[in-house]
Every structure is written in structure tokens, then in C-alpha cells.
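Heads up: the structure comes next, in C-alpha cells.
The values are calculated or read from the model by the stated rules, or taken from the named source; none is laboratory data. The model shown is predicted, which means the values in this text are computed figures rather than measured ones. Positions of Cβ are backbone-derived with ideal geometry, glycine not excepted, and every protein chain shown enters the neighbour counts.
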Amino acid sequence: MSHTIHEKQKLLNRVRRIRGQVDAIERGLQGEVGCAQVMHLIAASRGAMNSLLAEVVEDHIRTHLVDPVKHRGALDRDAADQLVDLVHSYFK
């Protein structure tokens, strides 16, 4: 994933926030907080993971699937945009 070097700090910051969310789930379970609060924490963590995955997939599409110079038969820009939109809608 050498192309993620450009966004490395941004991605690492997101991972650290996700780690904090997972830690909050653990603390909630240990502290026996209510089910609704635990489910809210889990849903937030899942949403953050999905968002991170969508961002990495989008970068992969734009870096590896759209450049016709590097890849014969690459997607055109419009097809890539449609694919990115689909990825983002799936991971919401």
C-alpha cells in the first residue's frame, strides 16, 4: 500500500480514534453500562471502520484502476467515480 504514504498520518489518526472507540466499548462492558449505550458504541466503531475501509478502497481504485498508462484496460474516470460512489454507499 505504498500509495497510502501520502495520507499516512491521516489514516493513522483515524485508526487511533477507532482504537479509542473500541477501548470505550471494552470500558462500557467492564462497567456494565446499559445495552443501548454499548450498542451505540459498537455502531459508532463499526461506522468508523467502514469509513476507513471506504477511504482506502477509494484510494486503491483511483490509484490502481484508473490510470491507463500503468494498467491496460483501466476504468475510465466516469466508471471509477461510479464505483467509488457505490463503495461509499455500501459502507455507510
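Can you tell me which of 83, 29 is aliphatic (A, V, I, L, M), at pLDDT below 85 and either on the phi > 0 side of the Ramachandran plot or part of a helix (DSSP H, G or I) (or both)?
When all the criteria are applied, what remains is 83.
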In region 32-58, anything assigned to a helix (DSSP H, G or I) and over 16 Å from residue 90 (Cβ atoms) is listed as 35, 36, 37, 38, 39, 40, 41, 42, 43, 44, 45
(1) modelled with pLDDT of 85 or more; (2) in a loop (DSSP other than H, G, I, E, B) all hold for residue 13 apart from (2)
